[in-house]
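Working notes, structure below.
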Amino acid sequence: MAYSDKVVDHYNNPRNVGSLPKNDPNVGTGLVGAPECGDVMKLQMKINPETQVIEEAKFKTFGCGSAIASSSLATEWVKGKTVDEALAIKNTDIVRELSLPPVKIHCSVLAEDAIKAAIGDWKKKHGVEAPAAAETASH
Amino acid sequence: MAVKLPIYMDNHATTPVDPRVLEAMMPYFTGKFGNAASRNHYFGWTAEEAVENARQQVASLINATAKEIIFTSGATESDNLMIKGIAEMFREKGNHIITQSIEHKAVLDTCKNLEKHGFEVTYLPVQRDGRISLDDLKAAIKPKTILITIMYANNEIGVINPIAEIGKMAKEHGIFFAVDGVQAVGKIPVDVQKDNIDLLAVSAHKIYGPKGVGALYVRRRNPRVQLSAIIDGGGHERGMRSGTLNVPGIVGLGKACEIAQKEMPEESVRLRGLRDRLKAGLESKLDEVYVNGSMEHRLPNNLNMSFAYVEGESLLMGINDVAVSSGSACTSATLEPSYVLKALGVGEDLAHTSIRFGLGRFNTQEEVDYVIDKMVQVVTKLRELSPLYEMAKEGIDISKMKWQTA
């Protein structure tokens, strides 16, 4: 299977790899997927409680090149956005940006789930009710 | 010495044609183009002579006689013919077939097809080492069993089954024994007499011959095996496989068998050395790598390893100047991880991280060393990226976590 140039670029030079302290009250962590499905994404965001702006984002992903690229792109996109803006990111935006083929759409779905899960975790820490994040990733 | 890239190390999928094989084939495309079935002119005789010579070369490699070899379009056809041919010929005698869960799809799907036509098939499980248990086999035999079909060596993990023991058991029970010999023939000694094999499927392109040609050994004595044809036509190949013979391909298969027979003792030792070097290199430089299947009962040219916490397709993407294959779901058409590794009891998480290395005649030590370095570099990089590796290092038991699964 040929990968798009953007997928290859994110794979070769993943953006924002790493971890943030998960016990920091301003850090939201999303861990989605499952090892037996071949994809696990961990997406973390440091969110300013005053402005609700995502100041930092980090990821680690176990998965194919498209999964790595989807999560790398997600960190790039959420940085500097407000929580509401980040929640508006759709998996189809990721598919379009990375030119993912149909068999890789689940990678983008997982990235969207990861964003929602991380923000949900942050909101929970701040006593805000978590949005009804997608409970299951479709594979 | 600089290695030439890309490196091909996927010799279970296919092999390049040996230049000596190609040279033997060439005259049969142009000057010696006759139809081997043309019995009354020079062109036909020349082709027939070449085919009969190849038949002898194939027979010799497996300790059969030339008359027991029929030529086909490849091992998938041979597998179909040996199983469906016996099933149809002997369906009055019984409708039960025994196979195993990690056969090649050419055998599994043929058996599934027969199930739709009134046959009952037992799919034996394999043990953790990738071999069937002889006790399981014995317990599965019924009065209605007409055929046991078990592969000599597996195409993913290279594990070799106890073929001689199975052959003996089949013979004692008067059951035909059909063997998919694709990965074993030409790589390790295969002897249809010693192993009591009644039918054996062979492919040319796995042994440095051309694609599109294969053979089926059909025992003629003790017992004489009869088969129903699955392709009707001019009655070629003793009526078992109609169709004009692919003379250049058959010549190539014959030559490939001749070379394999002559060079196997030396080649298998060399490849085993390279394989062991590859394994030792990876194991010494990476933690948490696991060999899938028995190392003791294994083809000399195969290594199948799981690289924990690193997904197979992303690994392949990182080593894109090395051609190997993965048991990861993402590399298969079905999005399911390898059914072979699953049958061994390898967890799905580790199945996703498996890589199959298939060494071959044209691989060198320099290439092996390059592959070791590249693998270590990419696995290390991807583990830095892996949340599972991070969790494992923190002492979290990933298998006990609750994951959101579909």
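All of the numbers you see were taken from the coordinates with simple rules; none came from a lab. Just so it is clear, the model here is predicted, and its values are computed rather than measured. Using ideal geometry, Cβ is built from the backbone for each residue, glycine included, and neighbour counts are taken over all protein chains shown.
Hey, for a label at B:K142 modelled as a point 7 Å past Cα toward Cβ, could you say which residues of region B:109-131 have their backbone N under 11 Å away?
From region B:109-131, the list is B:119-122.
Using the structure shown, select from B:K67/B:K206; B:K138/B:K262; B:K32/B:K105 the pairs with a Cα to Cα distance greater than 26 angstrom. List each step's numbers first, then the result.
Details: B:K67/B:K206 23 Å; B:K138/B:K262 37 Å; B:K32/B:K105 36 Å.
Listed pairs above 26 Å: B:K138/B:K262; B:K32/B:K105.
On full extension of the chain, what length is gained from B:R277 through B:K194, given 0.36 nm per residue of separation minus the C-alpha to C-alpha distance?
On the way: separation 83, 0.36 × 83 = 29.88 nm, distance 3.21 nm.
Value of the extension gain: 26.7 nm.
In whole Å, how far is the Cα centre of region A:47-111 from that of region B:91-111?
Answer, in whole Å: 47.
Let's see if you can work this out: charge +1 on each Lys and Arg Cβ, -1 on each Asp and Glu Cβ, no other charges. What is the dipole magnitude of chain B about its Cα centre, in debye to the nearest 20?
Rounded to the nearest 20 debye, it is 1100 debye.
Does anything in region A:95-121 have its amide N under 18 Å from the 7 Å Cα→Cβ label point of B:K402, and if so which residues?
Only A:117-118, A:120-121 fall inside the zone, counting backbone N under 18 Å.
Could you check the simple spin-label distance between B:M26 and B:H297, using points 7 Å along Cα→Cβ, in nm with one decimal?
Those two pseudo-labels are separated by 4.4 nm.
Gap in Å between the Cα centre of region B:239-272 and the Cα centre of region B:146-193?
Taking the Cα centre of each part, region B:146-193 and region B:239-272 sit 19 Å apart.
Please state the relative contact order of region A:30-139 as a whole percent: Cα pairs under 8 Å, 6+ residues apart?
Answer for region A:30-139 is 28 percent.
With a cut-off of at most 10 other beta carbons within 10 Å, and DSSP calling the residue loop, which trypsin sites (Lys or Arg not before Pro) in region B:50-134 qualify? Please list them.
Sparse-neighbourhood loop trypsin sites (Lys or Arg not before Pro): B:K116.
Run down the aspartates and glutamates and flag those whose C-alpha is under 20 Å from the C-alpha of A:K116, throwing out any fewer than 8 positions away in its chain.
Of all the aspartates and glutamates, those that pass the test against A:K116 - Cα under 20 Å, at least 8 places apart if same chain - are A:D24, A:D39, A:E50, A:E55, A:E56, A:E76, A:D84, A:E85, A:D93, A:E97, A:E129, A:E135.
Can you work out the FRET efficiency for the pair A:N48 and B:K342, with r the C-beta to C-beta distance and R0 = 56 Å, to the nearest 0.05?
According to the calculation, E is roughly 0.75.
Could you work out the Kirkwood radius for region B:1-128, taking every pair of different alpha carbons, averaging 1/r and inverting it, reported in Å? Intermediate results must be reported in sequence, preceding the final value.
Details: mean 1/r = 0.0539 Å⁻¹.
Taking every pair of different Cα atoms in region B:1-128, averaging 1/r and inverting gives 18.6 Å.
Within 10 Å of each Cβ of B:306-318, how many other protein chain Cβ atoms are there on average?
4
Run the numbers on chain B and let me know its relative contact order in percent, using alpha-carbon pairs under 8 Å that are six or more apart.
Working: 783 pairs, mean separation 86.1, N = 406.
Relative CO of chain B lands at 21 percent.
Compute the longest continuous run of chain B that contains no exposed GluC sites (Glu not before Pro); treat a site as exposed when its DSSP state is not H, G, I, E or B and it has at most 10 other Cβ atoms within 10 Å.
Looking at chain B, B:93-295 is the longest stretch - no exposed GluC sites (Glu not before Pro) with at most 10 other Cβ atoms within 10 Å.
Restricting to Cα pairs below 8 Å that are 6+ residues apart, what does the relative contact order work out to for region B:19-260? Please round to a whole percent.
29
Under a Cβ-only charge scheme (Lys and Arg +1, Asp and Glu -1), can you give me the dipole magnitude of region A:19-125 about the Cα centre, in debye to the nearest 20?
160
Using r as the Cβ-Cβ distance of B:T65 and B:H117, and R0 as 25 Å, what FRET efficiency do you calculate, to the nearest 0.05?
For B:T65 and B:H117, the calculated efficiency is 0.15.
Between B:D109 and A:V128, what's the calculated FRET efficiency when r is the beta-carbon distance and R0 is 56 Å? Round to 0.05.
0.55
Within region B:1-94, which chymotrypsin sites (Phe, Trp or Tyr not before Pro) sit in a loop by DSSP and count at most 14 neighbouring Cβ atoms inside 10 Å?
Filter output for region B:1-94: B:F29, B:F33.
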